[in-house]
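Q: Have a look at this one.
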Amino acid sequence: MEALGINLFGLIAQIVNLAILFFLLNKLLFKRILKTMEERTHRIQEGLEKAERADAQMAQADAVFQEKMGEIERERESILASAREEAEQLKAEATARAREEARNEAQRILAQEREAFEAERQQAMTDMHNQIVGLVLAAARKVIEEDLDEKKQRKLIERFLSEMGTQDEVQ
């Protein structure tokens, strides 16, 4: 080996030094590094499991949330439908009330107009009766004032009747 330029004693010393170094590193450093790496691996594994559980819980919570939102949406639709139905009912009631009030008002006005018309008709009848009585009295007065023969009486009555006809046309 010396021919190759290798020193046997140096080689053995280096092998022993390497073995001692390896032994010391193994005792002092490698075990701690391996232990730390195993702990980290274990923590990472636990973290991944926790993350998976959290994802599962989130998915479950999301499903519950979606279900609750669906229930809320159905309830909202139900409330809206109920409100629309109630509004339609109130509208129908208000319309019916307004129609009834309009009908009652129209009947009241019609009754007032009938009463007014009847009062005017009665007044016209009374006025016409009073005019006829006045005309008859005037004619009777003329007949009484004049001592008439039958021919004059006929002319007077005919004239009276023709005057009454023209007065009726005027009124």
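The values are calculated or read from the model by the stated rules, or taken from the named source; none is laboratory data. Bear in mind that the values here come from a model prediction, so they are computed numbers and not experimental data. Cβ coordinates were reconstructed from backbone atoms using ideal geometry, including for glycine residues, and neighbour counts include every protein chain displayed.
Q: Please tell me if Ala81 is assigned to a helix (DSSP H, G or I), free of Cβ contacts under 8 Å to residues at least 60 places away in the same chain, farther than 30 Å from Met164 by Cβ and within 22 Å of the chain's Cα centre (by Cα).
A: Values: assigned to a helix (DSSP H, G or I): yes; free of Cβ contacts under 8 Å to residues at least 60 places away in the same chain: yes; farther than 30 Å from Met164 by Cβ: yes; within 22 Å of the chain's Cα centre (by Cα): yes.
In short, yes.
Q: Given the conditions (1) hydrophobic (A, V, I, L, M, F, W, C); (2) assigned to a helix (DSSP H, G or I); (3) modelled with pLDDT under 90, which single one is not true for Leu148?
A: Of (1) hydrophobic (A, V, I, L, M, F, W, C); (2) assigned to a helix (DSSP H, G or I); (3) modelled with pLDDT under 90, only one is false for Leu148: (2).
Q: Can you confirm whether Lys142 is under 30 Å from Met164 (Cα atoms) and in contact with a helix residue (DSSP H, G or I) (Cβ under 8 Å, 6 or more places away or on another chain)? Show your work before the answer.
A: Numbers: under 30 Å from Met164 (Cα atoms): yes; in contact with a helix residue (DSSP H, G or I) (Cβ under 8 Å, 6 or more places away or on another chain): yes.
For Lys142, the condition - under 30 Å from Met164 (Cα atoms) and in contact with a helix residue (DSSP H, G or I) (Cβ under 8 Å, 6 or more places away or on another chain) - is met.
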